[in-house]
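**Q** This structure is in structure tokens; I'll ask about it shortly.
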């Protein structure tokens, strides 16, 4: 985190890495979404890299922890950037998203960060996700896989 000042308010730069895990299911392409019942937020799995950890490794680790799936990266989808505030500080966050497939594991084995982790058809995931920038990631990822062969189902 690099601190800068904008109008007297400290600004912290944050970086996360995560992914869009997909498979081909009976309803077409399905993706993994993570939800919390407490605040009703649904999102894509992501998290901060450990010191010195490459973004790709952080994405694989974080997605694995948050979903319970064993994942591998196929491609980079892109990067989203956004701002948010907490009392006394503004945050500028950059999230690197990777297109992923699952080779095993189960969404039933997800960690504590989310209450629910589910495979959903793309359109259902897009309706459920809380943030438009993540909906855009899902749509771009689905376009990227449109012509690819069958993915493993991963659970």
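**Q** Quick one: which residue in 108, 153 is assigned to a helix (DSSP H, G or I), at pLDDT below 95 and surrounded by fewer than 17 Cβ atoms within 10 Å (Cβ to Cβ)?
**A** When all the criteria are applied, what remains is 108.
**Q** Scan segment 9-29 for residues that are out of contact with any helix residue (DSSP H, G or I) (no Cβ under 7 Å at 6 or more places or on another chain) and under 19 Å from residue 131 (Cα atoms) and jot them down.
**A** 14, 15, 16
**Q** While we're looking at this one, here's another question. Please verify whether segment 77-87 includes one or more residues that are surrounded by 15 or more Cβ atoms within 10 Å (Cβ to Cβ) and closer than 17 Å to residue 30 by Cα.
**A** yes
**Q** Same structure again: Can you give me the number of residues within segment 30-76 that are closer than 20 Å to residue 129 by Cβ, assigned to a loop (DSSP other than H, G, I, E, B) and in contact (Cβ under 8 Å) with a residue 24 or more places away in the chain?
**A** Adding up the residues that qualify gives 8.
**Q** Within the bounds of segment 40-60, is there any residue that is modelled with pLDDT under 95 and either in contact with a strand residue (DSSP E or B) (Cβ under 8 Å, 6 or more places away or on another chain) or surrounded by fewer than 18 Cβ atoms within 10 Å (Cβ to Cβ) (or both)? I'd like the intermediate steps shown before the answer.
**A** Taking segment 40-60 and keeping what is modelled with pLDDT under 95, we get 40.
Then drop every residue that is not either in contact with a strand residue (DSSP E or B) (Cβ under 8 Å, 6 or more places away or on another chain) or surrounded by fewer than 18 Cβ atoms within 10 Å (Cβ to Cβ) (or both), which leaves 40.
Yes, segment 40-60 has at least one match.
**Q** Taking residue 95 as the residue in question, decide whether it is within 15 Å of residue 141 (Cβ to Cβ), touching a strand residue (DSSP E or B) at 6+ places or on another chain (Cβ under 9 Å), part of a strand (DSSP E or B) and in contact (Cβ under 8 Å) with a residue 24 or more places away in the chain.
**A** Considered against the rule, which asks whether it is within 15 Å of residue 141 (Cβ to Cβ), touching a strand residue (DSSP E or B) at 6+ places or on another chain (Cβ under 9 Å), part of a strand (DSSP E or B) and in contact (Cβ under 8 Å) with a residue 24 or more places away in the chain, residue 95 comes out as yes.
The values are calculated or read from the model by the stated rules, or taken from the named source; none is laboratory data. Keep in mind the model is a prediction, meaning the values are calculated, not measured. So basically every Cβ, Gly included, is an ideal-geometry build from the backbone, and we count neighbours across all protein chains shown.
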